[in-house]
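The values are calculated or read from the model by the stated rules, or taken from the named source; none is laboratory data. Everything numeric in this text was worked out from a predicted model, so none of it was measured. In this analysis, Cβ positions are derived from the backbone assuming ideal geometry, glycine residues included, and neighbour counts consider all displayed protein chains. Keep in mind that these areas ignore ligands, DNA and RNA; they rest on the heavy atoms of the full protein, side chains included. Shrake-Rupley method; radii C 1.70, N 1.55, O 1.52, S 1.80 Å.
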Amino acid sequence: MSGYKSEIRDGMRIDWDVPIEMDDGVVLRCDVYRPIEEGNYPAILSYGPYAKWLHLADGYPAQWKVLSEKYPETLSGSSNKYQNWELADPEKWVPDGYACVRVDSRGAGRSPGYMEVWAPRETKDFYDCIEWAADQPWCNGKVGLNGISYYGMNQWIVATLQPPHLAAMCVWEGAADLYRDFSHHGGILCLFGDLWYRDTVTLRQHGRGERDWRSRINGEWSSGPETLTDEELNANRTDFGNDLLEHALVDDYWKARIPDFSKIKTPLLSAGNWGGVGLHPRGNVEGYVQSASEEKWLEMHGLDHFTHFYTDYGVALQKRFFGHFLKGEDTGWDKQPRVALQVRHPGEKFVERAENEWPLARTEWTKYYLHSGTFSLKTNPQTNVRARPYDALGKGLIYLTPPLDEDMEITGPVAAKVFISSETEDADIFLVLRVFDPDMREVTFQGSNDPHTPVGHGWLRASHRKLDPGKTLPYRPYHTHDEVQPLTPGEIYELDVEIWPTSIVVPAGHQIGLSVRGKDYVYPGFEQPPMPVSGRIYSGVGPFKHNHNKDRPLDVFGGKVSFHTGPDHPAHILLPIIPAK
């Protein structure tokens, strides 16, 4: 290796901006943090667009404040000079005999090139970076992948290429199916992708030069030495928001970005967040269940999106996993339960529990039928016929169980079957699984992105109701999203709606609710701030909103929807009730 700076700092040898040449001649840049002593060490590698020289406190001050003030343990044992968004702290890994490799993805940070997130070109780059790291004189030939969100999402995709030296992967809160998990929930366009790309990724683009941060990590410009014009920057990246709008169905664009889980053979740890509805937890669960890896583990937790990756609990979990697969150490991982759940209780209480499979084998799948006369949820079907109209873009209807006689645990995937008719040729259905205390105050949680996150969410565009019979399960409908089937106004249609995996122990005296809505959930106590910031007002669903006027035009999605129940239309929700062990 040549053409880069190497120095010894803070007990590590750090190689800055090491070049990695891709097969088309573009040279990406990475940093390598490794032990000072010469030797062969396993690599913990990440590849992504968040600029490896941008300190977490500068790029994400609100999240840094949460970590430092709410969870000070996350900053202990380190000078924190090298903290980077959603990545492992090298000061906590290098002393244990690892080399931390951070690669700026093509077009981002210090790496030149055309920026196109999650594109096949990126995946090929990622593969080549894994193989490059394994071939370095300081590496023992084993590469592990680690990181949150983007740094986990692209792991699913690159693992399908089966890099020979990829020895283990830890996907921490990482969506897998970029269409169903990220861009189009139930076929409905989510605004987050465009917002995230414009407000985060493009601000880390290579060539921003002097308009970007001087890195507190090493004092250099975090997005490259040269400063390009806006025109040059625009020409060197895709218009991701427009890509999402143009690819409203699962076409070749999405097929190139959705992993074939049958090709994933790498040992993996998938760590998801119950409160991450709108982005990650579905992918963490589906990736775990569907991957062909014989050695795979699932862990599910709560709190903020990034917190447990940095807590002692999360770091210890990662080190036991990687120590086992990358170093052959006796870390006790051979005793790790295949499924480790932090079971959620009201009041941000979590109880750790070991399980053997997902969904849990002892699940008592229980149907609660929607009764529109009393707006109740009951285990017996409704015997009379009802049709309840609501505004197609309104807050809709809510159905409640009676107060529970005893505690009830709901842990697993949830599914609903509903029957609707519309005045127009389409309708969007938003289902919200909710819990209310005896005073009818809603029980919400600190979700990964919103402080008032309900128990569960599901979405479906009625014209996307077509199911894939080969992949649909009773508790997890699977829609093809490959064609639009318009509604005939006034005709009744049966819809199967997936509600993302969840966990909650509902105390006795509380009630379980299901909202049937025509728009995003809003927390009942939400108050509009005096100076709202577009896209950053978190009213219950974080940034994962679904109100793009081009995706939901009024002439198609306005008007009235009628919700049908009764003997011929047995609308119900299927709950995964877990009996006590």
Spatial separation of Cα centroids for the stretch 376-398 and the stretch 202-238, in angstrom = 53 Å
query = Taking 0.36 nm per residue of separation and subtracting the Cα-Cα distance, what length does fully extending Asp230 through Asp437 add?
reply = 69.3 nm
query = Taking only the alpha-carbon positions of the stretch 317-381 and ignoring solvent, what does the Debye formula give for the base-10 log of I(q)/I(0) at q = 0.12, 0.30 Å⁻¹?
reply = -0.57, -1.13
task = Please give the helix 150-159 orientation as an angle from the longest Cα principal axis of the chain, in degrees from 0 to 90, rounded to the nearest 10.
result = 90 degrees
remark   = For the stretch 150-298, the Cα gyration tensor yields equivalent-ellipsoid semi-axes (√(5λ), largest first, whole Å) of 30, 20, 14
message = Across the stretch 381-453, what fraction of all alpha-carbon pairs, as a whole percent, falls in each successive 5 Å bin from zero upward?
response = 3, 8, 17, 21, 20, 16, 10, 4, 1
task = Report ³J(HN,Hα) in whole Hz for each residue of the stretch 328-338, in order, from the Karplus equation J = 6.51 cos²θ - 1.76 cosθ + 1.60 where θ = phi - 60°; Gly and Pro get x.
result = x, 7, 8, 9, x, 5, 5, 9, 5, x, 4
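Leaving out ligands, DNA and RNA, and with a 1.4 Å probe, what % of the accessible surface on the stretch 98-252 is carbon or sulfur?
For the stretch 98-252, the apolar C and S fraction of the accessible surface comes to 48 percent.
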Antiparallel content of DSSP bridges confined to the stretch 47-204, in %, to 5 = 25 percent
request  = Write down the Å³ per residue value for the convex hull defined by the alpha carbon atoms of the chain.
outcome  = 149 Å³
message = For Cα pairs less than 8 Å apart in space and 6+ apart in sequence, what is the mean separation divided by the residue count of the chain, i.e. the relative contact order in percent?
response = 14 percent
request  = Please report, in whole Å, how far the alpha carbons of the stretch 1-151 spread along each principal axis, starting with the longest.
outcome  = 45, 36, 24
note = In the structure shown, of Lys417/Lys519; Lys349/Lys545; Lys70/Lys395; Lys265/Lys466; Lys92/Lys327, the pairs separated by more than 24 angstrom at the C-alpha atoms are Lys349/Lys545; Lys70/Lys395; Lys265/Lys466
task = Taking the chain as the reference, fit the longest principal axis to its C-alpha atoms, fit the long axis of helix 281-290 to the helix C-alpha atoms, and give the angle between the two in degrees, 0 to 90, nearest 10.
result = 80 degrees
note = Heavy-atom accessible area per residue of the chain, all protein chains kept, 1.4 Å probe, expressed in Å², is 37 Å²
query = Kirkwood Rh, Cα Rg: Rg to Rh for the stretch 262-326?
reply = 0.98
ask   = Whose amide H sits under 5 Å from the amide H of Val343, counting only residues 5 or more places off or on another chain, with H placed in the peptide plane?
value = Val351, Glu352, Arg353
task = Using DSSP, restrict attention to beta bridges with both residues in the stretch 264-378 and report what percent are antiparallel, rounded to the nearest 5.
result = 55 percent
query = Rg to Rh ratio, the stretch 236-373, alpha-carbon atoms and Kirkwood radius?
reply = 1.04
inquiry  = How tilted is helix 120-134 with respect to the longest principal axis of the chain? Cα atoms for both, answer in degrees (0 to 90, nearest 10).
reply    = 50 degrees
query = Taking θ as phi - 60°, what are the ³J(HN,Hα) couplings along the stretch 67-81 by the Karplus curve (6.51, -1.76, 1.60), each to the nearest whole Hz, with x for Gly and Pro?
reply = 4, 6, 9, 7, 9, x, 4, 5, 9, 6, x, 7, 6, 6, 5
ask   = What nm value, rounded to one decimal, do you get for the distance between Arg388 and Phe526 when each label is placed 7 Å out toward the C-beta?
value = 2.1 nm
query = Roughly speaking, what is the centre-to-centre gap between the stretch 83-159 and the stretch 314-372 when only Cα atoms are used, to the nearest Å?
reply = 26 Å
Inter-part distance where the stretch 244-293 and the stretch 1-80 are each reduced to a Cα centre, Å = 26 Å
